[in-house]
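Worksheet for the structure shown next.
The values are calculated or read from the model by the stated rules, or taken from the named source; none is laboratory data. Every value quoted in this text rests on a predicted model; they were computed, and no experiment measured them. Glycine gets a Cβ as well: all are built from the backbone with ideal geometry, and neighbour counts include every protein chain shown. For accessibility, only protein heavy atoms count, side chains too; no ligands or nucleic acids. Shrake-Rupley method; radii C 1.70, N 1.55, O 1.52, S 1.80 Å.
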Amino acid sequence: MRGQFVGLEGTLHRRGLRKRRTMANLPGYRRPYPGTQPNHLHPPYVSSIKRSPSLPLVYLPHTLSEVTGPVFDSSLVDPKACDLTRQHHGEPLGERIIVSGRVLDENGRPVPETLIEVWQANAAGRYFHKVDQHNGPLDPNFTGCGHTLTDANGHYRFITIRPGEYPWKNHYNAWRPAHIHFSLFGPAFATRLVTQMYFPGDPLLPYDPIFNCTADEKARNRLISTLDWEFTMHEHALGYRFDIILSGRHATPWEK
Ligand SMILES: [Fe+2]
């Protein structure tokens, strides 16, 4: 069977990935409702001015290339990578938190065994990356990257440090609200999602051009996690729920 796949498909198979759907099972994915995803052009977010397309978009139907995608075997995933507080010799500084939730499809069904990757700043708002020259201190015990697979019921769970707010160069005195970057593959290339999770009650949210790229308030607020006692651990860490919907009417917005 492997010999039938060439190019990208062949690469996926050689890496232990496989196709989930076939030509005989080719449902398209529902498109997002107007306003529920970020506008390509949102002038307060200055980078969107150069990035946004200048011509009308071309409608592309979902074909085999969009409704199939890689499936990630658990053997490819480091089971310890979901705990960002245990990647070095010591404990990182800051407030330990649990971030957990479910990944769902457009019909509310759980998406099992899908890869979730996260990256974030440390408690001082500094990324462990050469491009980040913010003068907040680095933490030798915190890299800020992790990954995991959802379980059979679509659940995932990370242990990490609450990220700090940080300044950026979008405009004078611009500060990003605390956030964690998420990347998900889902069952197909059309369900690929890169987004950011925010924290409830953050006073910077009304001023953040990236958060406010999505016009629909309900859709925008799906990016805000909720404090959840089910995930909170006694005398150890607060828990935040962040459920993610990969497509359809209630899809989680992309980051712009
Ligand atoms: Fe960020």
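Considering only Leu41, Leu193, Leu115, the mean-square fluctuation computed in a Gaussian network model of the chain, springs between alpha carbons under 10 angstrom, is largest for Leu41. Principal axis extents of the C-alpha atoms in the chain (largest first, rounded to whole Å): 52, 45, 36. Per residue, the range 121-256 exposes 47 Å² of accessible surface when a 1.4 Å probe is rolled over the protein heavy atoms with every protein chain present. Remark: the range 246-255, residue by residue, has Karplus-estimated 3J(HN,Hα) of 7, 6, x, 4, 9, 4, 5, x, 5, 7 Hz, where x stands for each Gly or Pro and the curve is 6.51 cos²θ - 1.76 cosθ + 1.60 at θ = phi - 60°. For the range 29-144, the relative contact order is 23 percent, taking Cα pairs closer than 8 Å that sit 6 or more residues apart in sequence and dividing their mean separation by the residue count. Residue by residue, the range 186-201 carries 3J(HN,Hα) couplings of x, x, 8, 5, 5, 9, 4, 9, 10, 8, 10, 9, 10, 10, x, x Hz when phi is fed to the Karplus relation 6.51 cos²θ - 1.76 cosθ + 1.60 (θ = phi - 60°); x denotes Gly or Pro. Taking the protein heavy atoms of the chain in the context of the full set of protein chains, the accessible area attributed to carbon and sulfur is 57 percent at 1.4 Å. Note on His155 and Glu113: the model spin-label points, each 7 Å out from Cα along the C-beta direction, lie 1.9 nm apart. Here the chain is scanned for chymotrypsin sites (Phe, Trp or Tyr not before Pro) in DSSP loops (not H, G, I, E, B) that have at most 11 other Cβ atoms within 10 Å, and the longest stretch holding none of them is 60-171. Phi angles of the range 222-230 translate, via the Karplus equation with coefficients 6.51, -1.76, 1.60 and θ = phi - 60°, into HN-Hα couplings of 5, 7, 9, 6, 10, 4, 9, 5, 4 Hz per residue; Gly and Pro are given as x.
The alpha carbon centroids of the range 75-91 and the range 191-226 are separated by 27 Å. In loop segments of the range 161-236 as defined by DSSP, the trypsin sites (Lys or Arg not before Pro) with at most 13 further C-beta atoms inside 10 Å of their C-beta are Lys169.
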